[in-house]
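The values are calculated or read from the model by the stated rules, or taken from the named source; none is laboratory data. Computed from a predicted structure; not experimentally measured. When we count neighbours, we look across all protein chains shown, and the Cβ atoms used for this are built from the backbone with ideal geometry, even at glycine.
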Amino acid sequence: MGGGGFGFVFKGTLPDSTVIAVKKLESINQGEKQFRVEDWKTRYQIALGTAKGLAYLHENCRDCIIHCDIKPSNILLDIDFRPKIADFGLAKLLGLEFSRVLTAMRGTTGYLAPEWILGVAITTKADVYSYGMMLFELISGRRNTDQSGERIVKFFPVWAASVVIKGGDVLSLLDHRLEKHVDVEEVWRICKVACWCIQDDENDRPSIGQVVQILEGILDVEPSPIPRLLQALVANYEHIYNFLFSSLIHSSNISHDYGAILQLLPLAKSIVLSSCKSKTIKHGCA
């Protein structure tokens, strides 16, 4: 059928009459490297495709749709690994004449934007925050929270943000299974996007349409600051941090332990307000 840098491609037929294409590798080492690269490209396209899907919901539907529960398990893949956003059970419709909606806390622990804790009206930027958290897991190939000891909890986004802002080795953030066979420019791009998406103030986050443009290489952005809320949670409020990002990490929905969360809301809210004390009222942090 054709050939490339790593070998020839042949047409074949399986016993059930399914037609397939088979590449005969000329070099095992070269083939392994190419396989790793295509693994990365698949992840990048999943990230971009998901952003495009969200952009359609936020910017192109007759009424804006806020999904309210963006997370890896709600992104389905078809046979060609094209992402499809699923599970709209918690979604909210936002009329074109409105920019935000007030609703009860909803979503999944570990992907919730700070405004949910504040109890203020939400915008599409709540989905952007959840998308950013999901990007970190796509990059690292693991959960954002890692509890390595009895009380020692590591939160990947904080570490990743510090690496990005310091211009460090972003390849160290990657899933080890990729063996660093990636497009480094794409890695920098997706890491910077993820960091901007999880900013405390929704006004500092990009729109999902801007995320698409950044991932496509149309727009460029500088590294973001490390979100102050996440820093505060990790450094000074271990019990809240453990609860929000570890104790319920296996719960499918925040409503599963809503009562316990309500007990922690006053203290969590004070952290959010403290982290945003330099913001103005119009930014939703006063």
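Residues in region 200-221 that are part of a loop (DSSP other than H, G, I, E, B) and free of Cβ contacts under 8 Å to residues at least 60 places away in the same chain: G217, I218, L219, D220, V221. How many of the residues in region 51-93 are out of contact with any Ser or Thr (no Cβ under 6 Å at 6 or more places or on another chain), assigned to a strand (DSSP E or B) and surrounded by 17 or more Cβ atoms within 10 Å (Cβ to Cβ)? Count: 3.
Can you find a residue in region 175-183 that is over 18 Å from the mean Cα position of the chain (by Cα), in a helix (DSSP H, G or I) and not hydrophobic (A, V, I, L, M, F, W, C)? The answer is yes; a qualifying residue exists. Of all residue pairs spaced 6 or more apart or on separate chains, those with beta-carbon atoms under 6 Å, a first member in region 93-122 that is closer than 14 Å to H67 by Cα and a second member that is assigned to a helix (DSSP H, G or I) and not hydrophobic (A, V, I, L, M, F, W, C) are Y111/S130; A113/Y129; I122/E115.
The set of residues in region 94-115 being surrounded by fewer than 24 Cβ atoms within 10 Å (Cβ to Cβ), under 19 Å from the mean Cα position of the chain (by Cα) and either at positive phi or not in a loop (DSSP other than H, G, I, E, B) (or both) consists of G107, G110, E115. Among the residues of region 69-89, the ones that are in contact (Cβ under 8 Å) with a residue 24 or more places away in the chain and either of a type in the set (D, E, K, R) or touching an Asp or Glu at 6+ places or on another chain (Cβ under 7 Å) (or both) come to 6 in all. Exactly one residue among G149, G141 is modelled with pLDDT of 90 or more and either surrounded by fewer than 17 Cβ atoms within 10 Å (Cβ to Cβ) or out of contact with any Gly (no Cβ under 9 Å at 6 or more places or on another chain) (or both), and that residue is G141.
If you go through region 187-207 one residue at a time, do you hit one that is surrounded by fewer than 20 Cβ atoms within 10 Å (Cβ to Cβ), out of contact with any Cys (no Cβ under 7 Å at 6 or more places or on another chain) and modelled with pLDDT under 90? Within region 187-207 (the criterion being surrounded by fewer than 20 Cβ atoms within 10 Å (Cβ to Cβ), out of contact with any Cys (no Cβ under 7 Å at 6 or more places or on another chain) and modelled with pLDDT under 90), the answer is no, since none of the residues qualifies.
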